[in-house]
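Reviewing the structure listed below.
The values are calculated or read from the model by the stated rules, or taken from the named source; none is laboratory data. In this text, all values refer to a predicted model and were calculated from it rather than measured experimentally. With ideal geometry, Cβ positions are generated from the backbone for all residues, glycine too; neighbour counts draw on all protein chains shown.
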Amino acid sequence: MNQELQSLLERIQKEGVEKAETESARIIENARKQAQFIIEEANKQANAILEKSQLEAKQFTERARKTLEHAARDVVLTAGEAITSSIEQIVYRDVNTALDVDLLKQLIAKFVDAYIQLNVHSSQESGERKSGGGLEVLVSPEDYKAVRDFFIKNYSSELHKGIEIKSDSEIIKGFKVRLSEGHIEHDLTGKAIAEAISNLLRPDIAEIVHKSIQHQQ
């Protein structure tokens with residue numbers, strides 16, 4: 001009886017141990033599979049996040065590059081405009097400086113001499129004596145007295161025949177010449193000369209700016 005009981009207990013113990021080992025192995029295997037699944041899912045999510053981050057980084061880099069290119073082009077264009085404006089100011093300043101009273105007298109004298117010669121030539125061809133009238137010279141109020149005194153001294157007879165020296169408040173430097181009662185006008189003011197020079201320079205400045213923009217691309 002005792003042996004049978006002992007044998008039964010041993011068998012129960014053995015079966016319990018085997019069952020426990022089997023259950024333990026099953027639990028461990030399930031845990032391993034679950035852990036493997038979790039790791040694989042984590043890797044998938046990590047890869048997806050990485051790919052998304054790389055794509056977003058690439059898109060951001062491209063947007064940043066385009067933004068910088070546009071900004072650089074805008075800077076170059078703005079700089080070009082500033083350079084053009086600065087050059088125009090320099091040209092205007094230098095032209096006005098060059099157009100001092102002495103140069104003004106020389107330039108106006110050439111116009112007056114040419115006009116007198118034209119009148120003499122026309123009179124000889126027509127056989128009629130024509131006066132030198134019809135010529136107006138406009139100068140700035142600042143230069144008016146010096147220019148007028150010069151022509152009174154050197155062209156007094158012509159001034160009595162219609163060649164007039166007048167002051168024009170809109171002129172800062174230089175002069176204007178009007179013929180045929182104002183129907184023909186030659187603008188040799190500092191502003192007009194500076195604009196003409198600036199117009200000649202603008203294509204070169206534009207070319208420099210254009211090359212700078214191409215270099216940025």
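Listed values, structure above:
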quantity	calculated
Looking only at the stretch 156-205, and only at residues there that are in contact with a helix residue (DSSP H, G or I) (Cβ under 8 Å, 6 or more places away or on another chain) and among the small types (Gly, Ala, Ser), the one that is surrounded by the most Cβ atoms within 10 Å (Cβ to Cβ)	Gly174
Residue ID - farthest from Arg202 (Cα to Cα), chosen from residues in the stretch 62-80 that are among the acidic types (Asp, Glu) and modelled with pLDDT under 75	Glu69
Residue check, Ala146 aliphatic (A, V, I, L, M), in contact with a helix residue (DSSP H, G or I) (Cβ under 9 Å, 6 or more places away or on another chain) and modelled with pLDDT under 75	no
The stretch 167-182, subset within 36 Å of the chain's Cα centre (by Cα) and assigned to a strand (DSSP E or B), residue farthest from Gln89 (Cα to Cα)	Lys176
Among the residues listed as Glu164, Glu185, the single one being part of a strand (DSSP E or B), touching a strand residue (DSSP E or B) at 6+ places or on another chain (Cβ under 9 Å), within 15 Å of Phe111 (Cβ to Cβ) and free of Cβ contacts under 8 Å to residues at least 12 places away in the same chain	Glu185
